[in-house]
Structures are given as structure tokens and as C-alpha cells.
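Just so you know, all these numbers are worked out from the coordinates, no wet-lab data involved. Computed from a predicted structure; not experimentally measured. Cβ placement follows ideal geometry from the backbone for every residue including glycine, while neighbour counts extend to all protein chains displayed.
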Amino acid sequence: MPIDISNLSDLIFREILKINPSIIAKYITIQDQVLYLILIPHVLLFLFLFAFSRGIVARVVGAHRGLQYLTGLVAYIYVIYAGWYGSLIPFFIGWLSIALILGLFLFFISIIWHPAAAASGGRLVGAIAKSAAQKVGKSREIEKLTKELEYVESQMRKYENKTDDASRTIYNQYEERRKALIDKIEELGG
């Protein structure tokens with residue numbers, strides 16, 4: 001007795017994988033259905049579940065492979081049984097298209113700019129960014145020190161003509177702070 005393909009595909013796509021009939025109708029031939037409804041989504045689902053199970057188990061109990069496999073298998077069965085698989089198919093197809101476009105882009109970039117050179121280029125960009133950040137940090141520090149210097153000088157003006165010992169002591173402390181601020185600003189290049 002020959003196997004009826006339509007009943008088998010109906011069993012797999014509608015009953016087991018719970019794929020919406022409107023999505024099944026987009027792919028007329030059995031080859032399209034197998035490719036777009038089983039192979040591509042399963043590859044991407046397995047990649048996701050692999051990363052998911054490794055991440056979860058590694059954070060909870062360490063790198064125990066048996067638990068990683070068990071977690072991935074249980075998550076796979078849950079995705080199928082809960083009916084999520086059928087609703088995720090458009091996402092998987094779209095994600096694969098984006099991944100292929102990105103892969104082609106990176107392939108052509110690697111022809112122009114070899115990946116071995118990318119590391120040195122990355123270090124150069126990092127050094128430039130670090131230098132720029134240091135300059136911005138220095139200019140902010142100089143600005144902060146300049147404001148403090150202005151405050152110290154305004155306080156010094158309050159005490160410069162006073163002759164009592166307490167006022168002279170405060171004036172001398174402000175003068176020492178002023179000298180330290182000027183030295184720090186010159187050290188930073190301001």
C-alpha cells in the first residue's frame with residue numbers, strides 16, 4: 001500500500017508542527033515545503049537552542065554537556081508542543097535572508113580588507129578613540145580646574161587686605177591651593 005504524501009505532509013505540518021495553513025499554502029511543492037517549513041527553520045531553531053542551552057546551563061551549573069543537551073531537547077520539544085514553531089516560521093525565513101545579505105556583505109568586505117588586517121585596523125581605531133577620549137577628558141578636567149581656580153582667586157581677594165592672623169592663614173591656604181591648581185592645569189596642557 002503506497003503512502004499518501006498529502007496525508008503525511010498534513011500530519012507533519014498541521015498536526016505536529018502546528019503551522020498555519022496560510023503559510024503552508026505559500027509553498028506549493030513538497031520540496032518547497034520541506035525546505036522552507038522544515039530545514040531552514042530547524043537549522044535556525046537548533047542554533048538558537050544550542051546557544052540558549054549553553055548559556056543557561058553554563059550560568060547555572062557550569063559546562064555540563066549532558067545538561068546542555070537535555071535543556072536544548074526539552075526546549076525544542078516545548079517549542080514544538082506549545083505551537084510556537086508555526087508562528088516563528090516567518091521570523092526564521094526573514095532572519096535567514098538578513099543573515100545571507102550580511103554574510104555576502106562581509107564576504108566582499110573581506111576581499112577588500114583582509115580579516116588579518118582588520119585586527120590592526122581595529123587597534124588603530126581603538127587607539128584613535130582612546131586618544132580622542134583622553135583629550136576630551138583632559139579638556140573637561142582643565143575646565144573644572146579653571147573654575148576652581150577662579151573660585152580660589154575670588155576667595156583670595158576677600159582676604160588679601162586683611163591683617164589679622166586668621167585671615168592671613170586662610171589667604172595663605174588659598175594661595176597654596178592656587179599654585180597647585182596652576183601647576184595641575186599646566187601639567188594637563190592648558
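Of all the Cα-Cα pairs you can form in the stretch 14-76, what percent are over 20 Å apart?
42
Relative to the compact-globule scaling 2.2 N^0.38 Å, provide the ratio for the alpha-carbon radius of gyration of the chain.
Cα Rg divided by the expected 2.2 N^0.38 Å: 2.12.
Rank by packing, highest mean first: peptides 35-44, 60-69, with packing defined as the count of other Cβ atoms within 10 Å averaged across residues.
Most protected by this proxy first, the peptides run 35-44, 60-69.
Give the lysines whose C-alpha is closer than 29 Å to that of Lys135, dropping any in the same chain fewer than 8 places away, or say none.
Cross-link targets: Lys144, Lys147, Lys179, Lys184.
From the convex hull of the Cα coordinates of the stretch 5-112, what is the mean projected area in square nanometres?
9.0
For Lys138, which aspartates and glutamates qualify as cross-link partners when the Cα separation must be under 17 Å and same-chain residues fewer than eight apart are set aside?
Straight-distance partners of Lys138: Glu148, Asp183, Glu186, Glu187.
Using alpha-carbon pairs under 8 Å, 6+ residues apart, how would you state the relative contact order of the stretch 121-188 in percent?
Once normalised by length, the contact order is 36 percent.
For the chain, what's the relative contact order in percent, using C-alpha pairs closer than 8 Å and at least 6 residues apart?
Rounded, it is 17 percent for the chain.
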